[in-house]
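I have a structure here, written as structure tokens, and I will follow up with some questions on it.
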Amino acid sequence: MPDIKDFKQKARQLRIDILETIANAGSGHPGGSLSCVEILISLYFYKLRPVPQNPAWADRDRFIMSKGHASAALYTTLASCGYFPKEELRNFRKLGSRLQGHVYAGVPGVEFSTGALGEGLSVANGMALGAKIRKKDFKVYCLLGDGEMQEGQVWEAAMTAAQHKLDNLCAIVDYNGVQQNGPVAQIKNEEPLAGKLRDFGWNTLDINGHDFDDIIKALDLSGKIKDKPTFIAARTIKGKGVSFMEGNPRWHGKAPNGDELSKALEEIKEKI
């Protein structure tokens with residue numbers, strides 16, 4: 001079991017890095033980046049087997065960031081793991097930079113370019129099925145957005161994963177309840193989301209996506225299930241950690257200005 005106190009400190013620092021990175025760029029997606037921090041920390045510092053010195057290691061676990069607009073969250077996590085210097089985050093969304101606004105496969109540690117919502121689970125399926133065909137024991141994890149779950153391709157992929165009994169696949173939904181234009185439930189109500197995946201033949205879990213104990217237990221359990229892929233509905237808060245961003249669709253794709261950044265960082269640092 002990891003040191004939860006250390007993980008909480010990592011979460012605070014990652015939120016600071018995310019906000020500073022987006023503010024420096026003058027554009028980005030803070031809401032959905034802040035909501036998935038605990039999920040990414042649990043994956044990269046506990047469950048995955050990252051090898052920054054050899055990102056192409058054949059037996060590495062794979063992670064697909066299907067909600068590719070939350071690239072700031074993934075890039076700051078990868079920098080924290082040592083895949084590239086943290087100073088490079090200053091180039092986020094700059095012309096000619098490899099740290100593009102949507103997740104780009106040219107970045108060390110990134111498996112696939114994402115951002116066209118709905119594609120990531122299909123890619124994860126292919127990786128998981130390929131592992132079984134080649135008798136490899138690596139796991140494949142895929143993080144999706146709850147708004148993204150409205151894409152039809154996601155459900156085709158969900159059906160395919162169950163059909164092929166991809167028990168080496170774990171899909172996690174950052175279930176923050178808010179998408180670009182408002183509450184998910186008012187745009188296309190997905191409830192009961194876990195129940196729908198269960199009916200498709202998945203093992204399903206419904207957890208608090210900001211509770212490290214919950215996340216870690218769910219990830220551990222996903223590795224013990226046989227003949228079924230695992231779906232984790234991680235209940236989160238959009239803009240988590242910053243009071244004026246939390247649950248507010250305005251912060252789906254808006255960078256904070258100088259005053260807003262100062263206030264946001266002050267709130268996060270007060271919690272340390």
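What's the total number of residues in the stretch 173-226 that are part of a helix (DSSP H, G or I) and either in contact with an Asp or Glu (Cβ under 6 Å, 6 or more places away or on another chain) or closer than 19 Å to residue 47 by Cβ (or both)?
Summing the residues that are part of a helix (DSSP H, G or I) and either in contact with an Asp or Glu (Cβ under 6 Å, 6 or more places away or on another chain) or closer than 19 Å to residue 47 by Cβ (or both) in the stretch 173-226 gives 13.
Got a number for residues in the stretch 198-256 being among the aromatic types (Phe, Trp, Tyr) and closer than 24 Å to residue 132 by Cβ?
The number of residues fulfilling the criteria is 3.
I'd like to check which helices (runs of 4 or more DSSP H) are fully inside the stretch 7-111 and have at least 3 residues that are at pLDDT 95 or above, in contact with a Lys or Arg (Cβ under 9 Å, 6 or more places away or on another chain) and farther than 21 Å from residue 146 by Cβ.
It comes to 71-81.
May I pose another question? For the stretch 217-272, how many residues are under 14 Å from residue 203 (Cα atoms) and among the β-branched types (Val, Ile, Thr)?
Here the count works out to 3.
What residue, of 27, 35, is among the small types (Gly, Ala, Ser), closer than 22 Å to residue 220 by Cα, touching a residue at least 40 places away in the same chain (Cβ under 8 Å) and out of contact with any helix residue (DSSP H, G or I) (no Cβ under 7 Å at 6 or more places or on another chain)?
None of the other options fit; the residue is 35.
Another question about this same structure. May I ask you to list pairs of residues, at least six apart or on different chains, whose Cβ atoms are under 7 Å apart, with the first in the stretch 190-215 being charged (D, E, K, R) and the second being buried (at least 17 other Cβ atoms within 10 Å of the Cβ) and in a helix (DSSP H, G or I)?
Every condition considered, the pairs that remain are 190/149; 190/184; 206/194.
Hey, does the stretch 115-130 have a residue that's assigned to a loop (DSSP other than H, G, I, E, B), at pLDDT below 95 and of a type outside the set (Val, Ile, Thr)?
Yes, some residue in the stretch 115-130 is assigned to a loop (DSSP other than H, G, I, E, B), at pLDDT below 95 and of a type outside the set (Val, Ile, Thr).
Just need a number here: residues in the stretch 227-272 that are in a helix (DSSP H, G or I), within 20 Å of residue 41 (Cα to Cα) and at pLDDT 95 or above.
Qualifying residue count, the stretch 227-272: 2.
Now, a different point. Scan (1) buried (at least 17 other Cβ atoms within 10 Å of the Cβ); (2) more than 23 Å from residue 216 (Cβ to Cβ); (3) touching a residue at least 60 places away in the same chain (Cβ under 8 Å) for the single condition residue 86 breaks and write down its number.
Going through the list (1) buried (at least 17 other Cβ atoms within 10 Å of the Cβ); (2) more than 23 Å from residue 216 (Cβ to Cβ); (3) touching a residue at least 60 places away in the same chain (Cβ under 8 Å), residue 86 breaks only (1).
The values are calculated or read from the model by the stated rules, or taken from the named source; none is laboratory data. The structure presented is a predicted model; accordingly, all values stated were derived computationally and were not measured. When we count neighbours, we look across all protein chains shown, and the Cβ atoms used for this are built from the backbone with ideal geometry, even at glycine.
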